[in-house]
Amino acid sequence: EIRRIHTRSHGTYGAPRVTAELRRCGWRTNHKRVERLMPAHGIVGHRPRRRRSLTKPDAGAAPAPDLLGRLFDPDRPDVAWCGDVTWIPTEEGWLYLASVIDLASRHLVGWSMSAHHDAALVVSALDAAAATRGRRRMSDTIFHTDRGAEYSSAACIAACQRLGLRRSMSRTGSCLDNAVAESWFASLKVELVHRAHYRTRAQARTAIFAWIAWYNRFRLHSTRG
């Protein structure tokens, strides 16, 4: 079962995440046993590199209050979303990716990719998330982010108002306040980006799109298990 979980993660899961998946599938075990069995059978996870932050606060913009308070496990979907932006290197230059994650299911409900790191990128991701839910307004869903300038922009504020989202922001430089978004990008980098080399942005887009589809299917399977 450990081999199966490790293979489904494309050879990236270490003992903590394998243990979590085992428990979701009904196995009664602890991380110490998994830590012992994995190396004994040549099963090794992939270690992440340290992520460089893209957060550049807008000193002139008033931050939104923290409505989440690190409560990352709502009891139903669409109570709270979180978002963040990361970058993917290609030979053509950076490809930027904005994410919107539902905190209850941990599914990626919306995303957008662009050669530009700006407010249009995050607005597009929000519109995609609302479209995924098939709704024009989200009825007070919390949207939690860091204090990056793109999330404090007039365009993002207007998009949140149009979609009925309640803006929420973490403290500058505190990754724990937006831990789910940070963790999702860490998984993307470890399981895909750091193991590949992209000549073009189009090549990176295709690979990331396929990984997102796999991730959402895997999360659905794990939740049901």
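The values are calculated or read from the model by the stated rules, or taken from the named source; none is laboratory data. Quick caveat, the model's predicted, so the values are computed rather than measured. Here the Cβ positions follow ideal geometry from the backbone for every residue, glycine too, while neighbour counts run over all protein chains shown. Remember, those area values only see protein heavy atoms, side chains included, never the ligands or the DNA or RNA. Shrake-Rupley method; radii C 1.70, N 1.55, O 1.52, S 1.80 Å.
What the table shows:
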| read-out | value |
| --- | --- |
| Contacts under 9 angstrom Cβ, first residue in segment 137-162 being over 20 Å from Gly69 (Cα atoms), partner open to solvent by less than 10 Å² (accessible area, probe 1.4 Å) and among the β-branched types (Val, Ile, Thr), 6 or more apart | Glu150/Val85; Glu150/Val122; Ser153/Val122; Ala155/Val122; Cys156/Val122; Cys156/Thr145; Ala159/Val122 |
| Number of the exception - Thr86 against (1) among the polar types (S, T, N, Q); (2) surrounded by fewer than 22 Cβ atoms within 10 Å (Cβ to Cβ); (3) under 17 Å from Ala125 (Cβ atoms) | (2) |
| Cross-chain or 6+ apart pairs with Cβ under 8 Å, segment 20-34 first and of a type in the set (Ser, Thr, Tyr), then open to solvent by 90 Å² or more (accessible area, probe 1.4 Å) and outside any helix (DSSP H, G or I) | none |
| Any chance Ser112 is modelled with pLDDT of 95 or more, among the hydroxyl-bearing types (Ser, Thr, Tyr) and assigned to a strand (DSSP E or B) | yes |
| Search result, residues across segment 63-83 that are in contact (Cβ under 8 Å) with a residue 40 or more places away in the chain, over 15 Å from the mean Cα position of the chain (by Cα) and open to solvent by 20 Å² or more (accessible area, probe 1.4 Å) | Pro63, Pro65, Asp66, Leu67, Arg70, Asp78, Val79 |
| The listed residue being in a strand (DSSP E or B) and buried (at least 20 other Cβ atoms within 10 Å of the Cβ), out of Leu95, Leu121, Leu126 | Leu95 |
| Qualifying positions in segment 61-79 - over 13 Å from Ala179 (Cβ atoms) and not acidic (Asp, Glu) | Ala61, Ala62, Pro63, Ala64, Pro65, Leu67, Pro74, Arg76, Pro77, Val79 |
| From the options Arg36, Arg4, residue that is open to solvent by 30 Å² or more (accessible area, probe 1.4 Å) and within 27 Å of Ile208 (Cβ to Cβ) | Arg4 |
| Residue count, segment 11-29 (criterion: outside any helix (DSSP H, G or I) and touching a helix residue (DSSP H, G or I) at 6+ places or on another chain (Cβ under 7 Å)) | 3 |
| Residues of segment 98-112 classified as open to solvent by 30 Å² or more (accessible area, probe 1.4 Å) and closer than 12 Å to Ile208 by Cα, total | 1 |
| Residue satisfying condition, being over 30 Å from Asp140 (Cα atoms), at pLDDT 90 or above and not β-branched (Val, Ile, Thr), within set Pro89, Pro48, Pro77 | Pro89 |
